[in-house]
Amino acid sequence: MGHGAHHSGHSSEVQPRDPAKVKQILTVTAILGILTAIEFVLAFTMERGVILTTIFVLMTFAKTFYIVGEFMHLKYEVKILIWAIALPTMFIMWLILSQLMEATFMHEAIKEIFG
Amino acid sequence: MATAVIDEKENKALWGGDAEPLKASYGKLMMWFFLLSDALSFSGLLITYGFSRFSHDTYHGLIENFTASTKYWPVPEKVFTHIPFFHVNAPLVFVGLMTFILILSSVTMVLAVEAGHRNDKKDVQKWMLWTILGGIAFLSCQAWEWTIFIQGSSEGLTVTDPDGTIRHIFGANLIENEYGPRLFADLFFFITGFHGTHVLSGVIINILVFYNVSYGTYERIGTYEMVEKVGLYWHFVDLVWVFVFTFYYLV
């Protein structure tokens, strides 16, 4: 009956709103909004280049952690489930990075061969 | 009989074989693995975009002096400069607005899930409805953006064909466009289109879930877990847009 305790919160009566939970959701919302606004401002104030792209990538990752961790609740799942999602995602990241490096070489090679 | 019903309710998270792998219900776990596979599809598009962009020349020079050409990849902030009803130069403002709409609809979805945990049918209905509205607003914005992109500017782009004929290109299609290389518009249609299709299916699924909530289906089963599952999908779609916003529009 261990599972009975696990689900004991799920009685069919309406329970009152938990202000702490709502506050947490609103905090994450504010963080996502602010990060997007900063990205937007940086796009117009900073010169395009490796530094700006790095900042964009890092901020996008930060937003990803908040959306996946808090909104999708992955942070609160069991460890194995977190890794089952995170590990393949890391491989995907490497796939993207390696292909982008490959593209740069392709560009140089095409220029060298066809002028 | 009454006891049997209660037992079934208490153990509904158990899979066949009376176990609950990874402490998650079957449906939620499968949604996670589906999203992982969907992430692979979107990564394919992201790689294609990066590959195409990196194998074209980049625009060197001041952004203020940028003019479109099929010879180099365009600067997105010089392409997406329109907002509805006003004839002003507002680079990326509309895309920013779309991003906020989608993030907000993600927030209302979290609130719907939270209300579901409390068995608060009225609240679930309210927040699901806001989420659906957000999704429809986003899709409408995208329809407008596509229209502007396809119609193009009144000046267009002047190109010289290999045989010497001078032509004007207005707007964009899959063969040529006035903004830059052919692949720029192709990938715009493909990436935002694929994402838009996801939003559209999300809205349809949300409407179905909203109907079930109103009909009392989840109240009768005793759990609003379906709201959680569709929530996972909706947040993923939001997340993909975060990536599209950064890598297609900003970089």
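The values are calculated or read from the model by the stated rules, or taken from the named source; none is laboratory data. None of the values given here were measured: they were computed from a predicted structure. Note: ideal-geometry Cβ built from the backbone for every residue, glycine included; neighbour counts use all protein chains shown. Remember, those area values only see protein heavy atoms, side chains included, never the ligands or the DNA or RNA. Shrake-Rupley method; radii C 1.70, N 1.55, O 1.52, S 1.80 Å.
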### Query
Only one of (1) farther than 28 Å from A:L100 by Cα; (2) of a type in the set (S, T, Y); (3) touching a strand residue (DSSP E or B) at 6+ places or on another chain (Cβ under 8 Å) fails for B:T58. Which number is that?
(1)
### Task
Select from the stretch B:23-69 the residues that are outside any helix (DSSP H, G or I), crowded, with 18+ Cβ neighbours inside 10 Å and of a type outside the set (A, V, I, L, M, F, W, C) and list them in ascending order.
B:S25, B:S55, B:H56, B:Y59
### Candidates B:T192, B:T217, B:T246, filtered to the one that is crowded, with 18+ Cβ neighbours inside 10 Å and within 14 Å of chain A (Cβ to nearest Cβ)
B:T246
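Would you check which residues across the stretch B:82-105 are at positive phi and under 20 Å from the mean Cα position of the chain (by Cα) and list them?
Across the stretch B:82-105, the qualifying residue is only B:L92.
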### Residue among B:V203, B:V227, B:V199, B:V209 that is within 14 Å of chain A (Cβ to nearest Cβ), of a type in the set (V, I, T) and either within 19 Å of the chain's Cα centre (by Cα) or in a helix (DSSP H, G or I) (or both)
B:V227
## Note on the structure
B:A185 passes all but one of the listed conditions (1) of a type in the set (G, A, S); (2) surrounded by fewer than 16 Cβ atoms within 10 Å (Cβ to Cβ); (3) more than 14 Å from chain A (Cβ to nearest Cβ); the exception is number (2)
### Message
Six or more apart or on different chains, Cβ atoms under 9 Å: show the pairs whose first residue is in the stretch B:14-31 and touching a residue at least 40 places away in the same chain (Cβ under 8 Å) and on the phi < 0 side of the Ramachandran plot and whose second is surrounded by 12 or more Cβ atoms within 10 Å (Cβ to Cβ) and aliphatic (A, V, I, L, M).
### Response
B:S25/B:A13; B:S25/B:L14; B:G27/B:M226; B:K28/B:L232; B:M31/B:V230; B:M31/B:L232
### Query
So B:I166 clears everything in (1) of a type in the set (A, V, I, L, M, F, W, C); (2) within 18 Å of B:V113 (Cα to Cα); (3) free of Cβ contacts under 8 Å to residues at least 60 places away in the same chain except one condition, right? Which one?
(2)
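Take the residues in the stretch B:126-147 that are in contact (Cβ under 8 Å) with a residue 60 or more places away in the chain and open to solvent by 50 Å² or more (accessible area, probe 1.4 Å); name whichever of them is nearest to B:F190 (Cα to Cα).
B:W144
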